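J.: Quick one: structure below, then a few questions.
Here, each number is a calculation from the coordinates, and none is a lab measurement. Bear in mind the structure is a predicted one, so any value in this text is a computation, not a measurement. Every residue, glycine as well, gets a Cβ built from its backbone with ideal geometry; the counts of neighbours run over all protein chains shown.
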Amino acid sequence: MSTGCLILASCHAGASEAFIEDVSGFSLNPKDTKNWTSLLEEFWEEPGSFQLMRKRAIEHSKQAFDVKSTAHSFCSVIEQNINL
């Protein structure tokens, strides 16, 4: 996601929690193969039509998975619980 790859994930797995549906990726039913192939064919034929989604995926990954921000939040929680 951080490199701008098109995100396709199963709606039955936890991977779809890492992105925003129809904004930075697609969450699809693994048994609905027509939906998967249709989306991949569209991407093959018109990759530029997914450019905005791919840019949003990059931005979302930078914000949601920032190591410094996550570490700061984690330290804050620990400090709050130590000071109880």
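J.: So which pairs qualify, if the first residue must be in segment 27-39 and under 11 Å from H12 (Cβ atoms), the second must be of a type in the set (S, T, Y) and not in a loop (DSSP other than H, G, I, E, B), the Cβ gap must be under 8 Å, and the two must be at least 6 apart or on different chains?
T.: Every condition considered, the pairs that remain are S27/S10; S27/S16; L28/S10; N29/S10; P30/S10.
J.: Based on this model, can you work out whether S16 counts as among the hydroxyl-bearing types (S, T, Y), free of Cβ contacts under 8 Å to residues at least 24 places away in the same chain and in a helix (DSSP H, G or I)?
T.: Yes: the conditions hold for S16.
J.: Determine, yes or no, whether S2 is in contact with a Lys or Arg (Cβ under 9 Å, 6 or more places away or on another chain) and touching a residue at least 60 places away in the same chain (Cβ under 8 Å).
T.: Judged against the criteria, S2 is a match.
J.: In this structure, does S69 turn out to be touching a residue at least 60 places away in the same chain (Cβ under 8 Å), among the polar types (S, T, N, Q) and surrounded by 10 or more Cβ atoms within 10 Å (Cβ to Cβ)?
T.: The answer is no for S69.
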